[in-house]
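Enquirer: What follows is a structure written as structure tokens; I'll ask about it next.
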Amino acid sequence: MKKMILFAAAAIMALGASAQMSLVKDLSKKVASGNPQALTEALVAIEPAFTNPESANDVLTWYTAGKAAFGIYDKMLELKYMGQSVPDAEMNQLLAAGFEFFQQALPLDSVVELDKNGAPKLNKDGSKKVKTKYSKEIIGTLTSHMGDIANAGNVYLQANDWENAADAFGNYADIASSAFAIANGVAAADSTLSQVRFFQGYSQYQIQKFEEAYENFTKARKLGYTDNNIVDFQTSSLANMVQGMLDKNEYDKAANFIDNALKSDPMNGTLHDIKGFTAELKDGVDAALPFYRKAVEVDPTYANAYFDVGRCLYLQAQKIIDDNPNATNKELVPKIKPIYDEAIPFLEKASQLNPDDTKAKNVLDDILYKFEVMGVK
């Protein structure tokens, strides 16, 4: 839970669990008044209840906080519509807080039904009957503010405020695709959700939250999104995640993760290339070469895959040279020339596809130098 930064809370002495719930109940009554000053005071005063074990697990805590945040936001929005100047940044903070509080409240909203004697009512299976108390209001508030939180996401995106943009877009997408949004006929179309999930992932990518970014790029693609180089962003996110695993020598974990990605995207040459890189680190170039070849097969325009095939063939030939330090050129040429001959077209293609990258040219130059030294024509 992010600490509210909108208000400067005064020093509040720690309260016991029962005292915290008593405070929450008092603040709930205060919020019900709808008075802007009361809403502001309640939102500040309720903050300690977020971490108290008893109050943190009570729906009333989060409902009260959310009602206060949305109440202040709506009052400010009214003033804005009337032409008055209001701080947009504070409005967006309140809106985001309201979404967060109400989404905390929803799963906690269950009240045991009591009979006239105060005893719990029971279902046929003996379990206690429960009903919701605040969910209808919460759902109505969340769905009616979906457009507002989407607009906030766009504002944050334009300001390069990536973390808040990701949170806002995530709030919108989660609510707009929820079961209750569908039931109330306000769910967003897949085309809208896919775009929002992309920008959520894009924002997370900017702050190197690659796992979350990959998840949302994947969601966007499943919903049909194809714009803004999403495949490149998704693959780059995965590559960064895999690199983190490889840095920890978690080769099997990385390979399994890539395999899962390939199940839904088997024609992604970059994924095959990344799998090759993983295999190379673990088991060497011989193990990696089939995956690099597959990358070339599924994506004939992917320069790095051509380079990796050529590079691995070059390294295979180099190993033969290194393993036979006393061999003459006459003895080596029949062993290494066929390998170099196979490598050359891949390296030439890599240079052709990406002329600004000199890696392939450098390897080619070394092969041609060896041919010259060995007298190969």
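Enquirer: Take the cross-link list Lys222/Lys294; Lys67/Lys209; Lys319/Lys359; Lys209/Lys263 and give me the ones stretching past 27 Å between alpha-carbons. Please report the intermediate quantities before stating the final value.
Expert: Working: Lys222/Lys294 24 Å; Lys67/Lys209 31 Å; Lys319/Lys359 19 Å; Lys209/Lys263 23 Å.
Result: Lys67/Lys209 exceed 27 Å.
Enquirer: Taking the Cα-to-Cβ direction at Glu342 and at Asn184 and moving 7 Å from each Cα, how far apart do the two end points lie in nm?
Expert: Taking the simple label geometry, Glu342 and Asn184 are separated by 6.3 nm.
Enquirer: Could you tell me the relative contact order of region 58-166? Use alpha-carbon pairs under 8 Å, at least six residues apart, and round to a whole percent.
Expert: Details: 100 pairs, mean separation 26.0, N = 109.
The normalised contact order for region 58-166 reaches 24 percent.
Enquirer: What's the center-to-center distance, using Cα atoms, between region 32-84 and region 325-341 in Å?
Expert: Cα centroid of region 32-84 versus Cα centroid of region 325-341: 78 Å apart.
Enquirer: Report, in deg cm²/dmol and to the nearest 500, the calculated mean residue ellipticity at 222 nm for the chain, where each DSSP H run with n ≥ 4 adds -39500 (n - 2.57) and the sum is divided by the residue count. Don't skip to the end; give the middle numbers.
Expert: Numbers: 17 runs with 263 residues, N = 377.
Per the formula, -23000 deg cm²/dmol.
Enquirer: Show the residues, 5+ positions off or on another chain, whose built amide H is closer than 5 Å to the amide H of Val130.
Expert: Under 5 Å from the amide H of Val130 lie the amide H atoms of Glu113, each far enough along the sequence or on another chain.
Enquirer: Using a 10 angstrom cutoff on alpha carbons, build the Gaussian network for the chain and name the most mobile of Lys133, Lys330, Lys253.
Expert: Checking each option, the largest mean-square fluctuation is seen for Lys330.
Enquirer: Give the Kirkwood hydrodynamic radius (Å, one decimal) of region 142-281, defined as one over the mean of 1/r across all pairs of different Cα atoms.
Expert: Numbers: mean 1/r = 0.0633 Å⁻¹.
Computed over Cα pairs of region 142-281, the Kirkwood hydrodynamic radius comes out at 15.8 Å.
Enquirer: Another question about this same structure. Pairs of alpha-carbon atoms within less than 8 angstrom and 6+ residues apart define the contacts here; what relative contact order does region 102-208 have, in percent?
Expert: On the way: 109 pairs, mean separation 21.5, N = 107.
Reported as a whole number, the value is 20 percent.
The numbers here are math on the coordinates, done by the rules we state, and not lab data. Note that this is a predicted model, so its numbers are computed, not measured. Note: ideal-geometry Cβ built from the backbone for every residue, glycine included; neighbour counts use all protein chains shown.
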